[in-house]
Amino acid sequence: MGKIPPSFRPAISNSLTRKLPSQPTGATPRQFPDETRKRKPPQHSKKPDASPGSRKTQPLFKSPDLSSAKKVFDSIVATMNAPLDPRVHNTLLQSYASIATLNDSISLLHHMIKTHPSFSPDRSTYHILLSQSCKAPDSSSLSPVHQTLNLMITNGVKPNHVTTDVAIRSLCEAGRIDQAVELVKEFSLKHSPPDSFTLNFLVKNLCKCRTLSTVYGFIDDMKSSFGIKPDLVTYTILIDNVCNSKNLREAMRLVGVLHESGFKPDCFVYNTIMKGYCMLSRGSEAIEVYKKMKEEGVEPDLVTYNTLIFGLSKSGRVKEARKYLDIMVESGHFPDAVTYTSLMNGMCREGNALGAMVLLEEMERKGCSPNSCTYNTLLHGLCKCRLMDKGMELYGAMKSAGIKLETASYATLVRALCREGRVAEAYEVFDYAVESKSLTDVAAYSTLEVTLKWLKKAREQGLMV
């Protein structure tokens, strides 16, 4: 079950670290989820009334027709006794801009100013139009964007770094990456250069859909032409990108460039590179990255140790992974469900599913609650080792606790049962997978059908009784 644990990312998903029901003390083994606490007493709570904020907001403008929009605006203003706050005008303009053309939105703004001379559009007002112009249907040019900027400047509002950010983000959201690059250079030359947040946002989007040489060219151009240099976050984005494309040599080169630029790689940078090596089952290189971290004075965190333990376990070096578990504890980090599940995965790969069961007991003894991934990994390993009695015992406890089956553990369990001639139990597992929505009906049935066809063919050939 060689999936990369979610805790390799900086934020660990709550859904993967939630506590399962506490362990029973009766006949069911202690390492299995509790069956006795599944049923909860009925909760007789009154359904809360929907709060005003939870109701869907009705659109203020139901038609993009300009004359209708002007009437709606006038009627809204007429019903308000107090002087209008500029934010009210901006809200109305934004509502209309979401369904109208840019020219009609500009016309409505002029109508607002004409009918209410006290209203003075601010930078936020023009940002609404700017965002709309970036998402205009005519994506062949930046003329709508220039139209909005000219209107903004003509009325005495100078673009600033927020203006740049609004334009670049809007263009990227519309999939107009090349024009975002063109516009950021224009802003750097004429108006306001991007801040680090905007630049890094654009670099990240370029990494998703352009070649690495194109991204490097953009960064070099911004540096040489406008004096805008990449920062630590920029290099981290680049390193993450090349690691995802399994170009670890380039990642290490970027670490060197990062040093030359006066930055010190942080824990996240090293974790990213380590993850890349672990994805390729290159445990030795992952250990070298760990050692380099220590040499540079960067303290490894929980993600570092989880990544390293996963990589070593995946590449069949469970003993070394266990050693780093001890180092992890000595360093003051508490192993979590991901740590133990990675080790169990490695032990099951080596055929030591019983050892993984012992590790599960140790895990609980130390106060760490297993999660769904833990149980599925162990079930998969028990079936692979043909320890079907243990496997069915674990499956029964998982079923009682409402734990869903993962695709790999379901398929392995069904095949193992059919191989032993326990077809009725395989059908029961199929029923649970469908009822619990562990898999789609089609996926669950396809696995069972293929397995039964294989069983029939094996019997016909005399391979099975």
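Across the range 317-465, the relative contact order, built from alpha-carbon pairs under 8 Å that are at least six residues apart, equals 16 percent. Averaged over residues, the count of other Cβ atoms within 10 Å places the peptides 142-148, 165-171 in the sequence 165-171, 142-148, highest first. Among HIS259, HIS110, HIS333, the sequence by solvent-accessible area, most first, with a 1.4 Å probe is HIS110, HIS259, HIS333.
Please determine, in degrees from 0 to 90 and to the nearest 10, the orientation of helix 337-349 with respect to the longest principal axis defined by the Cα atoms of the chain, where the helix direction is its Cα long axis. Value to nearest ten degrees: 50. Note on THR214 and GLU288: the model spin-label points, each 7 Å out from Cα along the C-beta direction, lie 3.2 nm apart. Per-residue ellipticity at 222 nm, computed for the chain from helices alone with -39500 (n - 2.57) per DSSP H run of at least four residues, works out to -20500 deg cm²/dmol. Overall, the accessible surface of the chain at a probe of 1.4 angstrom is composed of carbon and sulfur to the extent of 53 percent.
Students sometimes get this wrong: rank LEU93, LEU280 by accessible area, probe 1.4 Å, all chains present, largest first.
Numbers: LEU93 0, LEU280 55 Å².
Correct descending sequence by accessible area is LEU280, LEU93.
Taking Cα atoms only, the orientation of helix 66-78 departs from the longest principal axis of the chain by about 90 degrees.
In straight-distance terms, cross-link reach from LYS62 covers every one of the lysines whose alpha-carbon lies under 19 Å from its own, apart from those fewer than eight places away in the same chain; here that gives LYS70, LYS71.
Tell me whether the range 410-465 comes out rounded, prolate or oblate; compute the Cα gyration tensor, take square roots of the eigenvalues as a ≥ b ≥ c, and use a/c under 1.5 as the rounded threshold. It is prolate, given that a/c is not under 1.5 and a/b is the larger ratio. Solvent exposure of the chain, expressed per residue, is 52 Å² of accessible area, with all protein chains present and a 1.4 angstrom probe. Compared with the dominant Cα axis of the chain, that is its longest principal axis, helix 177-190 is turned about 50°. In terms of the mean number of neighbouring beta-carbon atoms within 10 Å, the peptides 404-411, 319-326, 270-277, 437-444 order highest first as 270-277, 404-411, 319-326, 437-444. Here the range 322-366 and the range 182-205 have alpha carbon centers that stand 47 Å from each other. Taking all Cα pairs closer than 8 Å and separated by 6 or more residues, the relative contact order of the chain comes to 13 percent.
Computed log10 I(q)/I(0) for the range 188-232 at 0.25 Å⁻¹: -0.95, from the Debye equation with unit scatterers placed on every C-alpha and solvent omitted. Computed packing ranks the peptides 289-298, 369-378 as 369-378, 289-298, most packed first, by mean other Cβ atoms within 10 Å. Dividing the alpha-carbon Rg of the chain by 2.2 N^0.38 Å yields what? Taking the Cα Rg and dividing by 2.2 N^0.38 Å, one obtains 1.32. For the pair ASP85 and GLU364, the difference between a 0.36 nm per residue extended length and the Cα-Cα distance amounts to 94.5 nm. Remark: spin-label model distance TRP454-ARG386 equals 1.5 nm, labels positioned 7 Å along the Cα→Cβ axis.
The values are calculated or read from the model by the stated rules, or taken from the named source; none is laboratory data. Keep in mind the model is a prediction, meaning the values are calculated, not measured. Note: ideal-geometry Cβ built from the backbone for every residue, glycine included; neighbour counts use all protein chains shown. Heads up: the accessible areas ignore ligands, DNA and RNA and are worked out on the full protein's heavy atoms, side chains in. Shrake-Rupley method; radii C 1.70, N 1.55, O 1.52, S 1.80 Å.
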